[in-house]
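Chemist: Here's a structure for you.
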């Protein structure tokens, strides 16, 4: 994980943000995901400075541009992980934008509604009563969930399912997730990882993003990764010499979004852990604590020696 984190740091833009890897310039969604990755690794996102600017500052500067509920949920989760207030971030109440995900007129994807549920719960903001029932009602017979909430058999995907599972767990509806774990088991590749959709005419090779998301769902549900063939091995197998992750074995090379997605899973952090990350990332580094303790011990011993000589 440390190599992936070091590579990620090398990708930070001059404005403090991160590109999505497909277009030049910093991207709000990718930067939000990077903040979660940084906090998951135990670092403070506010302390990641390039040209004196952090990713938190980049997001605050662009907060007014965050109007879609799914993007607002991403940014809110990132800000909670960084110890910021999503109700007043850059002068914007992100929770107000997130809540629109459950407005029928908004036509939000199921993926976005799952993200919105996780973000509102993490922010301790009101969650519409129909939010959880709407998620559960979109489950397909095989236990999966589709990005667009389609109920057509075979339309489910691992990514949406992993997010919905975490949303159901964080709202106390763990029993509703059992069919989804059966779906994960049925679609797991021989190398222990997952692809976006299986079966799929577009290829079924294990990819970093899907594997990382499913691992988070397993962690959130208290699953023993050893009983799942240790899927982190499949994730680590995609790591490149630079420390970055490849998307999958068929497309080798450094992939920013794959790396950002992988870091929290490698750190053992899932999306239900977000409220606890601010304390973790704000805590002093262990080496700093040890160093300070060592210095204090030396000073105490020196003082004791001086006192001893004076007494003699």
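Chemist: Would you confirm, using the coordinates I've provided, whether residue 59 is part of a helix (DSSP H, G or I) and over 22 Å from residue 267 (Cα atoms)? Quick ask: steps written out before the conclusion?
Modeler: On the way: part of a helix (DSSP H, G or I): yes; over 22 Å from residue 267 (Cα atoms): yes.
Spelling it out, residue 59 is indeed part of a helix (DSSP H, G or I) and over 22 Å from residue 267 (Cα atoms).
Chemist: Another question about this same structure. Considering segment 24-52 alone, what residues qualify as being part of a loop (DSSP other than H, G, I, E, B), in contact with a helix residue (DSSP H, G or I) (Cβ under 8 Å, 6 or more places away or on another chain) and within 19 Å of residue 81 (Cα to Cα)? It would help to see each step written out before you state the result.
Modeler: Filtering segment 24-52 down to residues part of a loop (DSSP other than H, G, I, E, B) leaves 24-27, 41-44, 48-49, 51-52.
With the extra rule that they be in contact with a helix residue (DSSP H, G or I) (Cβ under 8 Å, 6 or more places away or on another chain), the set shrinks to 26, 41-44, 48.
Scanning segment 24-52 gives 41, 42, 43, 44, 48.
Chemist: Which condition does residue 108 not pass, out of (1) under 28 Å from residue 157 (Cβ atoms); (2) free of Cβ contacts under 8 Å to residues at least 60 places away in the same chain; (3) in contact with a helix residue (DSSP H, G or I) (Cβ under 6 Å, 6 or more places away or on another chain); (4) in a helix (DSSP H, G or I), if it passes all the others?
Modeler: The single condition residue 108 does not satisfy is (4).
Chemist: Something else: So if I check each of 192, 174, which one is at positive phi and in contact with a helix residue (DSSP H, G or I) (Cβ under 9 Å, 6 or more places away or on another chain)? Quick ask: steps written out before the conclusion?
Modeler: Numbers: 174 fails: at positive phi.
192 is the lone residue from the list that is at positive phi and in contact with a helix residue (DSSP H, G or I) (Cβ under 9 Å, 6 or more places away or on another chain).
Chemist: Just a yes or no: is a residue in segment 251-259 in contact with a helix residue (DSSP H, G or I) (Cβ under 9 Å, 6 or more places away or on another chain), more than 25 Å from residue 142 (Cβ to Cβ) and assigned to a loop (DSSP other than H, G, I, E, B)?
Modeler: Going through segment 251-259, the residues in contact with a helix residue (DSSP H, G or I) (Cβ under 9 Å, 6 or more places away or on another chain) turn out to be 254-259.
Filter again for more than 25 Å from residue 142 (Cβ to Cβ), leaving 254-259.
In the following step, the residues that additionally are assigned to a loop (DSSP other than H, G, I, E, B) were identified as 254.
Yes, segment 251-259 contains at least one residue that is in contact with a helix residue (DSSP H, G or I) (Cβ under 9 Å, 6 or more places away or on another chain), more than 25 Å from residue 142 (Cβ to Cβ) and assigned to a loop (DSSP other than H, G, I, E, B).
Chemist: Next question. Checking the structure you have, find out if any residue of segment 128-145 is touching a strand residue (DSSP E or B) at 6+ places or on another chain (Cβ under 9 Å), buried (at least 20 other Cβ atoms within 10 Å of the Cβ), under 16 Å from residue 172 (Cα atoms) and at pLDDT 95 or above.
Modeler: Within segment 128-145, one or more residues are touching a strand residue (DSSP E or B) at 6+ places or on another chain (Cβ under 9 Å), buried (at least 20 other Cβ atoms within 10 Å of the Cβ), under 16 Å from residue 172 (Cα atoms) and at pLDDT 95 or above.
Chemist: Which of the residues belonging to segment 62-86 are within 24 Å of residue 10 (Cβ to Cβ) and assigned to a loop (DSSP other than H, G, I, E, B)?
Modeler: If the condition is that a residue be within 24 Å of residue 10 (Cβ to Cβ) and assigned to a loop (DSSP other than H, G, I, E, B), then 62, 82 are the ones that fit.
Chemist: Residues 63, 72: which one is out of contact with any helix residue (DSSP H, G or I) (no Cβ under 6 Å at 6 or more places or on another chain), over 16 Å from residue 277 (Cβ atoms) and surrounded by 19 or more Cβ atoms within 10 Å (Cβ to Cβ)?
Modeler: Numbers: 72 fails: out of contact with any helix residue (DSSP H, G or I) (no Cβ under 6 Å at 6 or more places or on another chain).
Step by step, each of 63, 72 is checked, and only 63 is out of contact with any helix residue (DSSP H, G or I) (no Cβ under 6 Å at 6 or more places or on another chain), over 16 Å from residue 277 (Cβ atoms) and surrounded by 19 or more Cβ atoms within 10 Å (Cβ to Cβ).
Chemist: Let me ask another. Which of the residues that make up segment 75-102 are under 16 Å from residue 40 (Cα atoms) and surrounded by fewer than 18 Cβ atoms within 10 Å (Cβ to Cβ)?
Modeler: Taking segment 75-102 and keeping what is under 16 Å from residue 40 (Cα atoms), we get 75-84.
Scanning segment 75-102 gives a single hit, 83.
Chemist: Would you be able to tell me the number of residues in segment 87-105 that are in contact (Cβ under 8 Å) with a residue 24 or more places away in the chain and part of a loop (DSSP other than H, G, I, E, B)? Give the steps one after another, and end with the answer.
Modeler: Within segment 87-105, the subset in contact (Cβ under 8 Å) with a residue 24 or more places away in the chain is 87, 89-92, 94-95, 97-102.
Checking the rest, the ones that are also part of a loop (DSSP other than H, G, I, E, B) come to 87, 90-91.
Total satisfying the criteria: 3.
Chemist: Moving on. Which residue, of 212, 227, is touching a helix residue (DSSP H, G or I) at 6+ places or on another chain (Cβ under 6 Å), assigned to a helix (DSSP H, G or I) and either surrounded by fewer than 22 Cβ atoms within 10 Å (Cβ to Cβ) or in contact (Cβ under 8 Å) with a residue 40 or more places away in the chain (or both)?
Modeler: Values: 227 fails: touching a helix residue (DSSP H, G or I) at 6+ places or on another chain (Cβ under 6 Å).
Going through 212, 227 in turn, just one is touching a helix residue (DSSP H, G or I) at 6+ places or on another chain (Cβ under 6 Å), assigned to a helix (DSSP H, G or I) and either surrounded by fewer than 22 Cβ atoms within 10 Å (Cβ to Cβ) or in contact (Cβ under 8 Å) with a residue 40 or more places away in the chain (or both): 212.
Chemist: Can you name the residue in segment 233-247 that is crowded, with 19+ Cβ neighbours inside 10 Å and part of a helix (DSSP H, G or I) and, of all such residues, is farthest from the chain's Cα centre (by Cα)?
Modeler: To start, the set of residues in segment 233-247 that are crowded, with 19+ Cβ neighbours inside 10 Å comprises 234-235, 238-239, 244-247.
Filter once more, so that each one left must be part of a helix (DSSP H, G or I): 234-235.
On the way: 234: 18, 235: 15 Å.
Once the filter is applied, the top-ranked residue is 234.
Chemist: Given the criteria closer than 30 Å to residue 173 by Cα, under 23 Å from the mean Cα position of the chain (by Cα), surrounded by 11 or more Cβ atoms within 10 Å (Cβ to Cβ) and at pLDDT 95 or above, does residue 219 qualify? Explain how you work it out, then say what you get.
Modeler: Values: closer than 30 Å to residue 173 by Cα: yes; under 23 Å from the mean Cα position of the chain (by Cα): yes; surrounded by 11 or more Cβ atoms within 10 Å (Cβ to Cβ): yes; at pLDDT 95 or above: yes.
So residue 219 passes the test.
Chemist: Of the numbered conditions (1) on the phi > 0 side of the Ramachandran plot; (2) out of contact with any helix residue (DSSP H, G or I) (no Cβ under 8 Å at 6 or more places or on another chain), residue 21 fails exactly one; give the number of that condition.
Modeler: (2)
The values are calculated or read from the model by the stated rules, or taken from the named source; none is laboratory data. All values reported here derive from a predicted model rather than from experimental measurement. Don't worry about glycine lacking a Cβ; one is built from the backbone with ideal geometry, like all the others, and counts go over all protein chains shown.
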